[in-house]
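Chemist: I have a structure here, written as structure tokens, and I will follow up with some questions on it.
The values are calculated or read from the model by the stated rules, or taken from the named source; none is laboratory data. Quick caveat: nothing in here was measured; it's all calculated off a predicted structure. We place every Cβ from the backbone using ideal geometry, glycine too, and count neighbours over all the protein chains shown.
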């Protein structure tokens, strides 16, 4: 028994000492948006974050001549936007036999390192993708193989970037108004088409995620999958046969909420109807990416907000199209010309025509382009770092437990040892009009 306690304490000590740094470093490495500082992370305290909504101009500004009456000082009544933190959590588990076995320190460290690495990457993707948009709809109808546990379905999507094999997601059956929790088994690229093999594809899901409240898999209500059903990051909806309504305040806010599909929806507790101008800028391009379309949208953002974006956020696929466009001509000023090379691309010392398209060095309208693999593949976010920021109440860290004098607890259901990691974050914005999202990019 003494040996077992020593081993458990060793596990707890390793997780407590190295776990927090591993999670923070992995999030920074796998989320260029966060790690680069383009999205400023601001430490918070208290139960909520309050910011003054930035909309409109001062009515006291005027032209004047000598001895004119000065305008009365006027200001609109400040309107406060309120944001509550959302928790991101995961569990690192180790089988009881592995935990209590007589492992050498090197073996134990190697085993825990692999467990921490897998969990940290999962959390990094969950946060990184959630900042952009955490839900997609099927491209075509599909049918589950059944409703019972282990039933499967293969669904086509115009953008499969949300899904990672092994991860679990919320499946929302809008016709039955229920949501479930399913797991991604695999994804396969589609044939070249409107969105191309680099973007579109099919994803296979399996209904085998155990409901922690019951210890069993929840059966689906029906087998049909419609094009208005939803697949979302786990935790967005109740799942496990719960409501089809997203849980308010439970998930991270996203750029999609600020200026995408939710550009005209209530945000931060403020409805645009109650505060004119409290909307984001969005456009569904429905065409191939072009510099001309991006510049026109930039001009629109500036017109409506009085400010220009500070950083363009895009996926590697769109970044490649952006770079290729530098040597191509599209439709502009009423002329339609098939994209063709306009000038030879000089080769670098390594005979690489385009260089490292994942690195910085690209600009759009004179402002830097950030390439982020977490960004949906068919959008571009026109970000303003002065107005959109990431509130951080607590970084990902193991929860302190007392059962064994550390951060590891004995699972009461399965023969395993568990450590729970939790952090609290929220994306907030004080001026929605300065943020823009261009969607519907094709031909990638």
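Chemist: Can you find a residue that is over 25 Å from residue 397 (Cα atoms), outside any loop (DSSP other than H, G, I, E, B), in contact with a strand residue (DSSP E or B) (Cβ under 7 Å, 6 or more places away or on another chain) and modelled with pLDDT of 85 or more anywhere in region 83-98?
Modeler: No, that holds for no residue.
Chemist: Here's something else I'd like to know. Mind checking which residues of region 162-182 are under 20 Å from the mean Cα position of the chain (by Cα) and not in a strand (DSSP E or B)?
Modeler: Result: 162, 163, 164, 165, 166, 167.
Chemist: Examine region 183-204 for a residue that is part of a loop (DSSP other than H, G, I, E, B), at pLDDT 95 or above and exposed (fewer than 14 other Cβ atoms within 10 Å of the Cβ), and state whether such a residue exists.
Modeler: Here is the first cut: in region 183-204, the ones part of a loop (DSSP other than H, G, I, E, B) are 190-200.
Applying the additional criterion that residues be at pLDDT 95 or above yields none.
No.
Chemist: Could I ask something else about it? So which of 78, 59, 71 ends up being in contact with a strand residue (DSSP E or B) (Cβ under 6 Å, 6 or more places away or on another chain) and in a loop (DSSP other than H, G, I, E, B)?
Modeler: Working: 59 fails: in contact with a strand residue (DSSP E or B) (Cβ under 6 Å, 6 or more places away or on another chain); 71 fails: in contact with a strand residue (DSSP E or B) (Cβ under 6 Å, 6 or more places away or on another chain).
None of the others qualify; the one that does is 78.
Chemist: For region 369-412, name all the residues that are exposed (fewer than 15 other Cβ atoms within 10 Å of the Cβ) and closer than 14 Å to residue 38 by Cα.
Modeler: 385, 386
Chemist: Picking from 424, 416, which residue would you name as being touching a strand residue (DSSP E or B) at 6+ places or on another chain (Cβ under 8 Å) and at pLDDT below 95?
Modeler: 416
Chemist: Here's another thing I want to ask about it. Pull up region 26-47, narrow it to residues that are touching a residue at least 24 places away in the same chain (Cβ under 8 Å) and loosely packed, with under 14 Cβ neighbours inside 10 Å, then point me to the one that is farthest from residue 268 (Cα to Cα). First the steps, then the outcome.
Modeler: We begin by selecting, within region 26-47, every residue touching a residue at least 24 places away in the same chain (Cβ under 8 Å); these are 26-27, 29-34, 36, 38-45, 47.
Narrowing further to those that are loosely packed, with under 14 Cβ neighbours inside 10 Å: 29, 40, 42-43, 45, 47.
On the way: 29: 29, 40: 18, 42: 17, 43: 18, 45: 17, 47: 14 Å.
Among residues in region 26-47 that are touching a residue at least 24 places away in the same chain (Cβ under 8 Å) and loosely packed, with under 14 Cβ neighbours inside 10 Å, the one farthest from residue 268 (Cα to Cα) is 29.
Chemist: Looking only at region 251-272, how many residues end up being at negative phi and assigned to a loop (DSSP other than H, G, I, E, B)? Give the derivation first.
Modeler: Looking only at region 251-272, we keep the residues that are at negative phi, and these are 251-267, 270-272.
Next, from what is left, pick out any that are assigned to a loop (DSSP other than H, G, I, E, B): 251-254, 260-266, 271-272.
The qualifying residues number 13.
Chemist: Return yes or no: is residue 248 more than 16 Å from the chain's Cα centre (by Cα), modelled with pLDDT under 95, in a loop (DSSP other than H, G, I, E, B) and over 26 Å from residue 380 (Cβ atoms)?
Modeler: For residue 248, the condition - more than 16 Å from the chain's Cα centre (by Cα), modelled with pLDDT under 95, in a loop (DSSP other than H, G, I, E, B) and over 26 Å from residue 380 (Cβ atoms) - is met.
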